[in-house]
Amino acid sequence: MELEKKQLEKRILVSQRKQPADFILRNAQVADVFSLRWIQADIVVTDGIIVAIDEHGLFEAINEEDAAGRYVIPGLIDGHIHIESSVVTPSEFSRILLPHGVTTVITDPHEIANVAGGKGIQFMIEDAAGCEMDIFFMLPSSVPATTFEHAGAVLRAKDLEPFLLHSSVLGLAEVMDFPSVLGAQSDMLDKLLMAQGANVKIDGHGAGLNSEQIRGYRVAGIQTDHECVTAEEALDRVTQGMYVLIREGSVAKNLRDVLPAVTPYNARRFLFCTDDKHLDELLVDGSIDHAIRLAIQEGMEPLQAIQLATLNAAECYGLSSKGALAAGFEADLVVLDDLESFQPVAVWKNGVKVAKDQRMLSKKTMNPSPSSSITQTVSLPSLTADDFAIPFTNTGLAHVMEIIPNQLMTNKRVIQVPVENGVFIPTVKEDLLKLAVIERHHSLGTIGLGIVHGFGLQSGAVATTVAHDSHNVIALGTNDRDMIVACEELQRIQGGYVVVQDGKVLASLALPIGGLMTDRSAIETIEDLERLHTSLHTLNPALDFHLFVTLSFLSLPVIPELKLTDTGLFDVNLFRHIPIQAGSMD
């Protein structure tokens, strides 16, 4: 307390020019995100806190730097991301995005929680603790996502509640299981009441929900939605009092479609998020900086886009000292040469310069290795061709999943598929491939099978343990043999990505932390990712979308229309399993 009192005394005295500041960034074009204007001023910092925006050059400091008239904006905030989808740990993720000006993220660790439960959440919190970036957590609300699949863990309110005591935990993460909410099921009510009792934020997940269903979400205390894919959906959510997180990730690229909903009158109810974004794209494009660039290209006034990415996000999640450049706010500063390219040339975190010219200035520190309960999570049965057989008793009329590149949703189609000797035969000519989801957590031996259209593989197979949200093994192939080889390789490397052709592994990326993340650096990992992408083009030379990220969402039974879990083909609109074989009336 005495130290805090001395710090407060120092900040006040510096603000009144009775003591020199620690640091001044002089000659800056300062973004005023409250009034949407630029101010020519010096930014005065003490103890990592801004104590003045000095328009008259009145302050002195121990250290100074000249911004030379460049633009300076608050640190960017990602309102919703699953760090696991970057395939690197929180500590490595921090070092990737700080040079892009992203100084704060709100993450939902439900990917690793679906694999390792509370131990997975604890690992993420501990790994994030030493990061220079601020990483806040929302507690997974839906582990498993539904009761129609097998995950690695089950988390109830009593399992989550102890985490609310942690200073980095802000609330309850995206409530995905909408039937449990709208049906007022007991376990879900316990989680909602837990969050409401702690007076914390509750995130929504309104994929495909109509206005009446959103009304039920609002009554339940759910305050945000990041699943809007149209401007009309976004306006409905805002009208009902929600914050809308405009998403631009690796698969779900919704910014251009949702942005027309934003007006000068309702803009304060919008912010940006990435949800899921892969390592290669993060390294090249960044995340929230990329969303701002796109928004400006689409015609949004730059300061308005910056406000969404800073002040709006901070206020949405109750981060009262973040999101603005003004006295009393944290000195998270991003310096830009121009607003078109939006490339940060320097980044300060809490008044300390952490990145320059897109590079971190500090060396990475070593974090403790995760326990075997986190790194030994793949347990597959011995597989044969019989396990992948899809029988038909009709002429081959089938429910087929059709992917939509760069979207999380799929289409449900009824198609005549090739059948020989009573079983489905994949055909590259008609682009009808075999899909399998295999339980990998508890050696249950459950395998869901389906038929998918849209991937365009001409040969071989791919498989991964990154399969939202239960993260069982998902395999896609033109033939059973290659699918089996791919699964066997996943067992050997304890999770990751595998590409196989003619019985040979062309490329793989091991992700031993929960089958989701690597313990290696981003630079080392990107080399394996590049080999994966090259090998994918061997299987489909015309590939023009992110195949593995698209594949990873085909097992998520809460986003329409048709998905596959380890227990079978799932119709999300009907919210029940359906047979692969279709009837004449389908």
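Within segment 491-502, residues that are over 13 Å from Val466 (Cα atoms) and in the same structural domain as Thr534 (by TED's automatic domain parsing) sit with their Cβ atoms under 8 Å from residues that are of a type in the set (Asp, Glu) and modelled with pLDDT of 95 or more, at 6+ positions apart or across chains, in these pairs: Val500/Asp482; Val500/Glu489; Gln501/Asp482; Asp502/Asp482. The set of residues in segment 93-130 that are under 23 Å from Val72 (Cα atoms) and of a type outside the set (S, T, N, Q) comprises Arg95, Ile96, Leu97, Leu98, Pro99, His100, Gly101, Val102, Val105, Ile106.
Of note, Ile121 satisfies the criterion of being touching a helix residue (DSSP H, G or I) at 6+ places or on another chain (Cβ under 6 Å) and part of a helix (DSSP H, G or I). The residues of segment 514-542 that are in contact with a strand residue (DSSP E or B) (Cβ under 8 Å, 6 or more places away or on another chain), touching a residue at least 24 places away in the same chain (Cβ under 8 Å), surrounded by 16 or more Cβ atoms within 10 Å (Cβ to Cβ) and under 13 Å from Gly496 (Cβ atoms), listed by number, are Gly515, Thr518, Asp519, Thr525, Leu529, Leu532. Any residue that is under 22 Å from the mean Cα position of the chain (by Cα) and farther than 22 Å from Glu174 by Cα - is there at least one of those in segment 329-339? No, every residue in segment 329-339 fails to be under 22 Å from the mean Cα position of the chain (by Cα) and farther than 22 Å from Glu174 by Cα. Considering only segment 397-430, state which residues are of a type outside the set (A, V, I, L, M, F, W, C) and crowded, with 18+ Cβ neighbours inside 10 Å. The answer is His399, Thr410, Lys412, Pro426.
Here is a yes/no grid of residues against (1) outside the structural domain of Gly152 (by TED's automatic domain parsing); (2) at pLDDT below 95; (3) closer than 19 Å to Asn472 by Cα:
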site	(1), (2), (3)
Met360	yes, no, no
Lys363	yes, yes, no
Met366	yes, yes, no
Ile390	yes, no, no
Met401	yes, no, yes
Ile404	yes, yes, no
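Take Thr224 and decide whether it is surrounded by fewer than 21 Cβ atoms within 10 Å (Cβ to Cβ), in the same structural domain as Gly171 (by TED's automatic domain parsing) and either modelled with pLDDT of 95 or more or touching a Gly at 6+ places or on another chain (Cβ under 9 Å) (or both).
no
Of the residues making up segment 160-193, those that are part of a helix (DSSP H, G or I), of a type outside the set (Phe, Trp, Tyr) and either in contact with a strand residue (DSSP E or B) (Cβ under 6 Å, 6 or more places away or on another chain) or surrounded by 18 or more Cβ atoms within 10 Å (Cβ to Cβ) (or both) are Leu160, Ser180, Val181, Met188, Lys191, Leu192. Scoring Phe34 on the criteria (1) under 28 Å from Leu245 (Cα atoms); (2) part of a strand (DSSP E or B); (3) not β-branched (Val, Ile, Thr) leaves a single failure, condition (2). In segment 207-219 there is no residue that is surrounded by fewer than 24 Cβ atoms within 10 Å (Cβ to Cβ), closer than 30 Å to Phe123 by Cβ and either free of Cβ contacts under 8 Å to residues at least 12 places away in the same chain or more than 20 Å from the chain's Cα centre (by Cα) (or both).
The set of residues from segment 279-303 being assigned to a helix (DSSP H, G or I), of a type outside the set (A, V, I, L, M) and touching a helix residue (DSSP H, G or I) at 6+ places or on another chain (Cβ under 6 Å) comprises Asp280, Asp289, Pro302.
Among the criteria (1) of a type outside the set (A, V, I, L, M, F, W, C); (2) more than 25 Å from the chain's Cα centre (by Cα); (3) assigned to a loop (DSSP other than H, G, I, E, B), the one Ser470 does not fulfil is (2).
Against the conditions (1) outside any strand (DSSP E or B); (2) buried (at least 16 other Cβ atoms within 10 Å of the Cβ), Tyr497 satisfies every one except (1). When segment 417-462 is limited to residues that are charged (D, E, K, R) and part of a loop (DSSP other than H, G, I, E, B), the one that is nearest to Gln494 (Cα to Cα) turns out to be Arg440. Condition check for His290 on (1) over 18 Å from Ala231 (Cα atoms); (2) buried (at least 23 other Cβ atoms within 10 Å of the Cβ): one failure, at (2).
The values are calculated or read from the model by the stated rules, or taken from the named source; none is laboratory data. Since the structure is predicted, the reported quantities are computational estimates derived from the model, not experimental observations. Heads up, the Cβs are rebuilt from the backbone with ideal geometry, glycines too, and the neighbour counts pull from every protein chain shown.
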